[in-house]
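Written out below as structure tokens is the structure these notes cover.
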Ligand SMILES: NC(=O)c1ccc[n+]([C@@H]2O[C@H](COP(=O)([O-])OP(=O)(O)OC[C@H]3O[C@@H](n4cnc5c(N)ncnc54)[C@H](OP(=O)(O)O)[C@@H]3O)[C@@H](O)[C@H]2O)c1
């Protein structure tokens, strides 16, 4: 991460938190090596605006689409229930169609940012959505937002793109979504780690409630295992650039260089003294090594949470 800029504490960056800070296991699978960026005509600042389709247009999709609109792109999104947008979620500055549908017409880039539902015991059909999009637009640039929750245990060490993946059914199903992309001529899978930002309130709500009640907060696994994260706006910057052709093809971890422990993550979310206990369950212990991404973004200013750094 040498040379990567960060936006430090007090920089006005929102510190909302998503999820419970626990990532689950992944599978062992064959990975596509990450390729060097396409030297073609697209540029990272969207210098060749086109038409982008965003499938599964929720929080991330809206943030990405709005960036593209600002860069002069024509954007059309789809999600199952556009009317279900939460009040604090970003408002898309482009049309969003209802349903698990593929918008008609040509496309210069496609973002799949649909939540798989797998970790919540559902299957939202994202693999089928990816497959349908590939068949409809077989040569169009395709970016899939995937998840680092595929990775298995690394005994507290870092996991790069070729790191060990878990083998539980959920991770296999998540990996199947990535496999649906493989073989596409121009595709990038962004494996995003835990997302933080103003709409991500689950852990913050839990942590504050425990602090106010004066009770310890019990979380899954070892509280002192590493916690990697990425701000929604950083993911949106990356995905927008990727849709413009930046960041190459294959699989790329997406995490900010700064990392905390899970304990520190909850404690900063509590915004005050909080005792954090582990429940003794076996959770993967690893941080997300996004060194390939950091090398491609040496001057990028990552949005970071407050807390002691655990880099290096
Ligand atoms: N949150 C995290 O910490 C985290 C971490 C790593 C990776 N990710 C990944 O980041 C991506 C985007 O996250 P997000 O926060 O933007 O999620 P989000 O706000 O829940 O948006 C996802 C959207 O996809 C829609 N969707 C799901 N299945 C669909 C389908 N088959 N057809 C059409 N739309 C479908 C959902 O439908 P509805 O309209 O019914 O809501 C929702 O609007 C997801 O792939 C997620 O797995 C998230």
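Here are a few things to note about the model shown:
- Whenever a residue of the range 61-90 is farther than 16 Å from residue 108 by Cα and touching a residue at least 24 places away in the same chain (Cβ under 8 Å), its partners that are part of a loop (DSSP other than H, G, I, E, B) and more than 14 Å from the ligand (Cβ to nearest atom), lying with C-beta atoms within less than 6 angstrom and at least six residues away or across chains, give the pairs 66/93.
- Per-region count, the range 247-287, residues closer than 12 Å to residue 225 by Cα and under 23 Å from the mean Cα position of the chain (by Cα): 12
- Taking residues in the range 180-194 that are more than 12 Å from residue 251 (Cα to Cα), and partners anywhere that are in a loop (DSSP other than H, G, I, E, B) and away from the ligand (no atom under 12 Å from the Cβ), the pairs with Cβ atoms closer than 7 Å and at least 6 places apart or on different chains are 185/139.
- Residue check, residue 259 more than 23 Å from residue 126 (Cβ to Cβ) and modelled with pLDDT under 95: yes
- Residue, farthest from residue 133 (Cα to Cα), within the range 99-110, restricted to residues that are near the ligand (Cβ under 8 Å from one of its atoms) and free of Cβ contacts under 8 Å to residues at least 24 places away in the same chain: 99
- Filter result for the condition that a residue is modelled with pLDDT of 95 or more and in contact with a strand residue (DSSP E or B) (Cβ under 7 Å, 6 or more places away or on another chain), over 210, 236, 240, 203: 210
- Qualifying residue in the range 186-195 (condition: over 22 Å from residue 55 (Cβ atoms) and either surrounded by 17 or more Cβ atoms within 10 Å (Cβ to Cβ) or more than 16 Å from the ligand (Cβ to nearest atom) (or both)): yes
- Exactly one residue among 272, 221 is part of a loop (DSSP other than H, G, I, E, B), farther than 13 Å from residue 194 by Cβ and modelled with pLDDT of 95 or more, and that residue is 221.
- Leading residue by the ranking (surrounded by the fewest Cβ atoms within 10 Å (Cβ to Cβ)) among those in the range 111-144 that are within 8 Å of the ligand (Cβ to nearest atom) and at positive phi: 117
Yes/no per residue for (1) outside any helix (DSSP H, G or I); (2) farther than 23 Å from residue 228 by Cβ:
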position	(1), (2)
107	yes, yes
132	no, yes
143	yes, no
146	yes, no
171	no, no
175	no, no
185	yes, yes
206	no, no
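- Residue match in the range 72-88 (condition: modelled with pLDDT of 95 or more and within 17 Å of the chain's Cα centre (by Cα)): no
- Scope the range 76-93; condition crowded, with 18+ Cβ neighbours inside 10 Å and more than 8 Å from the ligand (Cβ to nearest atom); matching residues: 76, 77, 90, 92
The values are calculated or read from the model by the stated rules, or taken from the named source; none is laboratory data. Everything numeric in this text was worked out from a predicted model, so none of it was measured. Note: ideal-geometry Cβ built from the backbone for every residue, glycine included; neighbour counts use all protein chains shown.
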